[in-house]
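Read the figures in this text as sums done on the coordinates, not as results from a lab. Note that this is a predicted model, so its numbers are computed, not measured. Quick reminder, even Gly has a Cβ in these numbers, built from the backbone with ideal geometry, and neighbours come from all protein chains shown.
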Amino acid sequence: MNFTSESSGKRIPCFRVLDDNGYPIAGSIFEQVNKEVAVRMYSGMVTLQIMDTILYETQRQGRISFYLTSTGEEAINLASAAALSPDDVVLPQYREPGVLLWRGFTLQEFANQCFGNKADYGKGRQMPIHYGSQKHNYFTVSSPIATQLPQAAGVAYSLKMDKKDACVVTYMGDGGTSEGDFHAALNFAAVMEVPVIFICRNNGWAISTPITEQFRSDGVVVRGQAYGIRSIRVDGNDALAVYNSVRTARQTAINEQRPILIEALTYRVGHHSTSDDSTKYRAVDEIEHWKTAQNPVSRFRKWVQGNGWWTDEDESEFRSNIRKQLMEAIQLAARKEKPPIANLFTDVYEENPPNLVEQERSLGETIKKHPQDYPSDVPL
Amino acid sequence: MAAIVQGIGSTAAPCASSNKFLLSSLGSSLLEKKRNFFVVRSDGKCYTGLNQQQRRAQNVVTNAVATKEEKASAAVGSKPGHELLLFEALREGLEEEMDRDPCVCVMGEDVGHYGGSYKVTKGLAEKYGDLRVLDTPIAENSFTGMGIGAAMTGLRPIVEGMNMGFLLLAFNQISNNCGMLHYTSGGQFKIPIVIRGPGGVGRQLGAEHSQRLESYFQSIPGIQMVACSTAYNAKGLMKAAIRSDNPVILFEHVLLYNLKERIPDEEYVLNLEEAEMVRPGEHVTILTYSRMRYHVMQAAKTLVNNGYDPEVIDIRSLKPFDLYTIGNSVKKTHRVLIVEECMRTGGIGASLTAAINENFHDHLDAPIVCLSSQDVPTPYAGTLEEWTLVQPAQIVSAVEQLCL
């Protein structure tokens with residue numbers, strides 16, 4: 001009688017291409033990215049950094065109600081997006097705006113959603129950072145954790161039925177892997193043999209819960225085998241490693257019609273959100289270390305610059321450019337009209353049933369009766 | 001998830017051979033308060049346990065009324081249409097929609113080769129394949145979420161809850177996502193999903209299998225709810241729900257599956273938001289739905305004998321209410337009795353009472369009376385269970401009180 005041990009004794013190794021200084025590790029096998037893709041990836045990471053800094057400040061100034069940064073996870077965001085095709089459907093958790101950025105979402109569109117103005121695709125119905133865009137195949141963010149995972153299995157099922165040359169990519173954090181939906185989604189995907197890539201951004205913290213209190217397994221990658229899913233552990237701060245693993249995962253998922261689990265190790269440099277102050281539960285030097293010595297953006301920059309594809313002048317020019325664009329976008333978004341009251345009642349159903357028609361009429365009457373209580377800058 | 005004890009065939013545990021039992025209640029006894037007994041059939045087949053290797057069940061649903069196959073050719077001199085049982089009507093509606101639109105698919109536990117616990121999907125997996133009639137592992141929240149994801153990408157899934165009570169596990173997906181995503185995405189993603197399953201009080205199925213989920217779901221914005229009660233409206237509502245672009249929850253009742261009725265041969269689709277006039281009358285409006293319709297009609301027989309003229313409306317649409325039909329009735333009779341199976345607190349009757357009071361207060365000659373189940377979990381013991389439901393005698397005395 002032999003009980004299988006609770007741990008295999010050896011941790012699953014982590015796939016890496018670049019070392020801490022941005023040099024390719026000797027003997028590492030990887031698909032080379034060309035200059036165009038590399039520069040686009042790098043500039044996307046810088047844009048995401050700037051977007052996070054400025055929009056975070058915008059919240060602190062009281063101009064938007066909420067914001068959530070992806071600081072420290074720029075490589076996962078951009079490199080995974082770069083490895084996908086535009087037809088691949090993305091179901092995000094909430095810390096993946098870089099994927100939308102890669103697909104062409106403009107700074108103006110980001111700002112519009114954060115300000116909840118008339119031009120927001122979500123028509124002002126969701127909190128900031130809950131982006132969604134059908135034309136970019138990016139499903140609208142929903143706050144509850146891991147609800148997107150079984151939905152991703154469903155989307156993959158739909159793609160499999162249509163025999164499309166595309167896969168589904170869905171993201172979650174380390175905390176999300178504790179949800180029941182994680183378990184069932186992976187199980188389903190394996191049983192149904194559908195093309196879905198589950199990318200876990202293991203960033204060490206679920207608000208204030210460290211991974212030591214989240215699970216007792218060797219991270220997330222070992223769980224894949226429990227469901228019969230091929231898995232890999234990857235250095236999430238190494239853009240090339242993420243790119244390579246997602247590329248291969250995508251090919252496997254589509255050609256073999258099977259799910260893949262990728263655990264990308266990284267660190268959440270920022271607070272969980274603007275409602276959090278992470279210095280209350282973790283050491284400031286820990287945050288500093290990951291912000292500077294282990295920064296994925298500067299690490300990739302070293303490799304890109306080493307190839308002669310980027311210079312310091314490019315850097316400062318690009319950063320000031322983006323900053324200017326973003327400030328303008330924010331000004332525009334703040335000034336733009338808010339969605340009209342009529343939007344309160346649309347899209348609940350395809351067509352309004354009688355009770356909603358009645359409620360809308362009743363609200364209109366109330367506003368007419370008490371115009372002084374109704375904000376003058378909000379259209380009807 | 002509770003293990004199913006009665007009413008549904010059990011799948012074999014791996015490596016043990018076991019017989020499958022199919023219990024079905026007698027539909028014809030519904031209109032009379034007879035003692036119910038089960039017809040048990042053991043098919044003697046063994047399972048090997050794995051999904052792919054399951055043999056197709058050769059179960060026959062039998063009851064005292066002989067089962068006729070649907071679409072029986074019209075005999076010379078017989079009435080138009082064809083006779084079938086309610087669960088067959090649901091299947092017919094489902095099959096017609098799956099033929100009509102390749103995007104329609106079914107997912108749920110045991111819906112594939114097993115044919116569904118109540119045989120609503122019997123034969124469909126053989127016809128349309130394993131992918132289109134998908135057997136799912138036991139995770140309601142997840143396969144409902146899966147259905148939502150598939151719907152957002154263009155499919156039209158029908159998610160079957162083996163019993164409505166189990167869909168409580170899917171409440172998060174239904175409330176936070178199904179009802180919400182069309183709205184929060186600014187209309188970019190629509191969710192044309194149908195969630196259906198049997199609910200209501202059965203024959204001694206115990207509290208967890210006797211849930212009336214319409215009470216809990218009625219508050220969720222963005223979903224539509226309908227309840228079928230006859231073979232005719234079951235098929236029509238099923239088709240309408242599938243064609244609707246809104247998420248629709250279709251409530252069936254465990255005890256109504258074996259109701260026999262003659263339905264038209266031609267294709268028909270019913271309106272999801274319409275109530276059904278069962279019996280026009282003058283003295284009192286009785287609003288009901290699902291199985292209670294039959295208790296009301298039985299009470300109506302007694303009432304008519306005693307000289308009353310009740311108007312019976314099967315509201316069918318639980319969200320939104322068909323206040324047009326209901327309103328016209330209230331304006332005619334001025335008295336309302338609501339008979340439902342929900343609990344007293346927070347049930348459909350409670351909301352309906354509020355809605356009628358708000359809208360038709362001036363037309364009422366008496367306060368609205370709402371007969372519901374008590375606020376207790378449904379007991380297992382047969383006598384206790386019987387008295388937690390509204391009985392025809394109570395309906396009769398309520399009407400007599402109302403019409404004093």
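Taken one residue at a time, the phi angles of region A:146-151 give Karplus couplings (6.51, -1.76, 1.60, θ = phi - 60°) of 6, 5, 6, 5, x, 5 Hz. Gly and Pro are set to x.
Counting only lysines at least 8 places from A:Lys280 when in the same chain, those with an alpha carbon closer than 24 Å to its own are A:Lys291. What do you get for the angle between helix A:312-335 and the principal long axis of chain A? Use alpha-carbon atoms, 0 to 90 degrees, nearest ten. The angle comes out near 30 degrees.
Rounded to the nearest whole Hz, the Karplus-based 3J(HN,Hα) values (6.51 cos²θ - 1.76 cosθ + 1.60, θ = phi - 60°) of region B:389-403 follow the sequence 9, 5, 9, x, 4, 5, 5, 4, 5, 5, 5, 4, 4, 5, 9, with x at glycine and proline.
In whole Å, what is the distance between the alpha-carbon centres of region A:117-191 and region A:27-70? Distance between centres, Cα-based: 21 Å.
Centre-to-centre, using Cα atoms only, region A:284-307 and region B:112-168 are separated by 48 Å.
Each of A:Phe345, A:Trp309, A:Thr248 was scored by the projection of its Cα onto the charge dipole of region A:193-351, and the greatest displacement toward the positive side belongs to A:Thr248; charges sit on the C-beta of Lys, Arg, Asp and Glu. Computed over Cα pairs, the Kirkwood radius of region A:44-141 leads via Stokes-Einstein (1.306 mPa s, 10 °C) to a diffusion coefficient of 119 µm² per second. Residues whose amide H falls under 5 Å from that of B:Leu318, counting only those 5 or more places apart or on a different chain, are B:Met225, B:Val226, B:Ala227, with hydrogens built in the peptide plane.
Charge dipole (Cα centre; +1 on Lys/Arg Cβ, -1 on Asp/Glu Cβ; no other charges) of region B:82-263 amounts to roughly 300 debye.
Computed over chain A, the Cα gyration tensor eigenvalues convert (square root of 5λ each) into semi-axes of 36, 27, 20 Å, ordered from largest to smallest. In summary, the aspartates and glutamates within cross-link reach of B:Lys301, defined as a Cα separation below 14 angstrom excluding same-chain residues under 8 places away, comprise B:Glu32, B:Asp309, B:Glu311, B:Glu400. A Cβ-based charge dipole, computed about the Cα centre of the protein assembly as shown with Lys and Arg at +1 and Asp and Glu at -1, lands at about 880 debye. Would you look at the GNM of chain A, springs on alpha carbons closer than 10 Å, and say which of A:Ala206, A:Ala226, A:Ala75 moves the most? The residue with the greatest mean-square fluctuation here is A:Ala226. As a proxy for reagent exposure, ranking A:Ser43, B:Ser210, A:Ser316 by other Cβ atoms within 10 Å from fewest up yields A:Ser316, A:Ser43, B:Ser210. Dipole magnitude for region A:35-335: about 520 debye, using +1 per Lys or Arg Cβ and -1 per Asp or Glu Cβ, origin at the Cα centre. Between B:Cys105 and B:Arg156, B:Ile158, the built amide H atoms are under 5 Å apart, and every one of these is 5 or more places off in sequence or on another chain. Calculated from the alpha-carbon coordinates, the protein assembly as shown shows an Rg and a Dmax of 29.5, 98 Å respectively. Dividing the helix sum by the residues of the protein assembly as shown, where each DSSP H run of 4 or more adds -39500 (n - 2.57), gives a mean residue ellipticity at 222 nm of -11000 deg cm²/dmol. Computed from backbone phi with θ = phi - 60° and the Karplus coefficients 6.51, -1.76 and 1.60, the 3J(HN,Hα) list for region B:264-273 is x, 6, 6, 6, 8, 10, 8, 8, 5, 9 Hz; x is used for glycine and proline.
Of all aspartates and glutamates in the structure, the ones whose alpha carbon falls short of 15 Å from that of A:Lys135, not counting any fewer than 8 places away in one chain, are A:Asp87, A:Asp88, A:Glu109, A:Asp120. The alpha carbons of region A:1-77 give a radius of gyration and a Dmax of 19.9, 64 Å, in that order. Using Cα pairs under 8 angstrom and six or more residues apart, how large is the relative contact order of chain A, in percent? Relative contact order here is 22 percent. Over 22 Å apart at the Cα level, from the set B:Lys239/B:Lys319; A:Lys369/B:Lys331; A:Lys368/B:Lys331, are A:Lys369/B:Lys331; A:Lys368/B:Lys331. Mean partner shielding of peptide A:120-128, defined as the number of other chain Cβ atoms within 10 Å of each residue Cβ, is 3. For the segment A:335-348, counting C-beta atoms of other chains within 10 Å of every residue's C-beta and taking the mean gives 2. For B:Gly199, the residues 5 or more places off, or on other chains, whose built amide H falls under 5 Å of its own are B:Met164, B:Glu252, B:His253, B:Val254.
Computed over region B:79-216, the quotient of the alpha carbon radius of gyration and 2.2 N^0.38 Å is 1.08.
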